[in-house]
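The values are calculated or read from the model by the stated rules, or taken from the named source; none is laboratory data. Computed from a predicted structure; not experimentally measured. Because the Cβ atoms are built from the backbone with ideal geometry, glycine has one as well, and the counts that use them run over all protein chains shown. The protein model used for the area step is the full one, side chains on, heavy atoms only, and it has no ligands, DNA or RNA in it. Shrake-Rupley method; radii C 1.70, N 1.55, O 1.52, S 1.80 Å.
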Amino acid sequence: MSNELEAILNLTSVQSCSDIFLSSASQCLLGHNEDADPIVDSTGYMVSVNITDSDLKENFTAYHYPGHIAGLAFGFNQWGLVASMNGLYPVDVALHAIPRQFMNRALLSATSYSDIYSLITQGNIAYGFSANLGFVCGPDALGLWNIEIAPNVSVKALSPIFSIKKVNLDHYYHFNVYDRLNVSERAGDSVSSQHRKQRAEQLPVPTDVTGIETILGDTGDAQYPIYRVPSATDDAATVATGIFDLLKKVAVVFRDNPKSASPVFSFDLSRSCSKK
């Protein structure tokens with residue numbers, strides 16, 4: 001519940017992250033920069049989880065923050081889901097609602113788009129976030145969606161405020177500001193996002209994995225770059241980059257700038273589909 005408490009106490013938080021969707025006749029890609037406090041660079045890690053003692057058997061792989069539950073960053077599951085999250089920072093916090101981190105973790109168990117919809121509408125959600133989702137197999141194979149969530153502070157609200165965008169034969173960027181919902185956001189929490197968004201739109205539209213790596217690794221805005229290194233103007237760091245190729249059923253993870261570095265992990269997502 002750290003995001004909710006930061007909002008209630010009006011504390012400054014690290015804005016994260018940057019996401020790129022690409023859907024075309026020959027490409028189906030989702031790329032994500034995980035931005036965080038620089039200490040996470042040496043303490044974050046990948047987990048592979050197999051849960052067998054619940055009604056819904058789960059098997060997922062995700063980037064993990066120490067002291068948190070999985071689902072805050074990026075990952076994939078045995079149903080072919082690929083997922084990444086953007087923090088969003090509305091002024092309002094909904095009380096007596098599902099904490100953001102709990103919903104992020106629940107989404108890692110999703111088996112289909114209809115399952116995702118059921119999860120986000122099962123009850124009000126306490127704080128904002130953006131979910132970037134797709135499937136490599138199953139009835140929703142090669143579908144890509146961005147879902148913006150905002151807390152509903154209406155009395156007895158039964159679900160959050162949300163907007164769903166399906167990315168089809170197009171590209172789309174998402175950062176740490178609301179793109180479609182008209183939501184009051186915390187003052188000062190959007191500077192880096194606005195810079196990153198503006199810079200991404202100045203760069204050539206991606207047409208393949210290399211194009212996504214180029215944007216996610218860009219440092220052209222010296223004050224607030226897309227690929228973030230702590231500085232006097234921006235105290236966050238890009239601690240990992242994940243890129244999902246839904247057509248090739250491959251996921252790769254970078255620890256360093258994806259423009260120049262080689263991935264440290266590569267995952268065969270077709271194996272996830274076979275675990276159903």
Q) What label, among (1) 0.98; (2) 0.93; (3) 1.07, belongs to Rg/Rh (Cα atoms, Kirkwood Rh) computed from the structure on display? A) (2)
**Q.** Solvent-accessible area, 1.4 Å probe, carbon plus sulfur percent, for the chain
**A.** 52
Q. How much area per residue is accessible in region 126-166 when the probe is 1.4 Å and only protein heavy atoms are counted (Å²)?
A. 37
Q: Distance between Cα centroids, region 97-126 to region 35-67: provide it in whole Å.
A: 17
Q) So what is the 222 nm mean residue ellipticity for the chain from helices alone, if each DSSP H run of at least 4 adds -39500 (n - 2.57) and you divide by all residues, rounding to the nearest 500 deg cm²/dmol? A) -5000 deg cm²/dmol
(Q) Of 214, 139, 168, which is farthest towards the positive pole of region 139-276's charge dipole, taken about the Cα centre with +1 and -1 on the beta-carbons of Lys, Arg and Asp, Glu respectively? (A) 139
Q.
Test of understanding: what is the full-extension gain from residue 187 to residue 58, defined as 0.36 nm times their sequence separation minus their Cα-Cα distance?
A. 42.5 nm
Q: For the pairs 57/156; 166/259; 57/165; 166/197; 197/248, note any where the Cα-Cα span goes beyond 23 Å.
A: 57/156; 166/259; 57/165; 197/248
Q: Would you kindly enumerate the cysteines in the chain that have no other Cys beta-carbon under 4.7 Å from their beta-carbon?
A: 17, 28
Q) Considering the dipole of region 227-276 built from charges on the beta carbon (Lys and Arg +1, Asp and Glu -1) around the Cα centre, which of 227, 261, 244 is farthest to its positive end? A) 244
Q: Please identify, among 180, 228, 196, the residue showing maximal mean-square fluctuation in a Gaussian network model of the chain using a 10 angstrom Cα cutoff.
A: 180
Q: Find the accessible area per residue for region 55-110; the probe is 1.4 Å, ligands and nucleic acids are left out, and the unit is Å².
A: 32
**Q.** In sequence order, calculated HN-Hα J values of region 36-53 (Karplus, 6.51, -1.76, 1.60; Hz; x Gly/Pro)
**A.** 7, 4, x, 5, 5, 4, 9, 10, x, 7, 8, 10, 10, 10, 10, 10, 10, 9
(Q) Taking the Cα centre as origin and putting +1 on Lys and Arg beta-carbons and -1 on Asp and Glu beta-carbons, what dipole magnitude results for the chain, to the nearest 20 debye? (A) 580
Q.
Looking at the chain as a GNM with Cα springs under 10 Å, which of 201, 213, 185 has the largest mean-square fluctuation?
A. 201
Q. What is the set of long-range amide H partners of residue 78 at a cut-off below 5 Å, with H atoms built 1.01 Å from backbone N?
A. 59
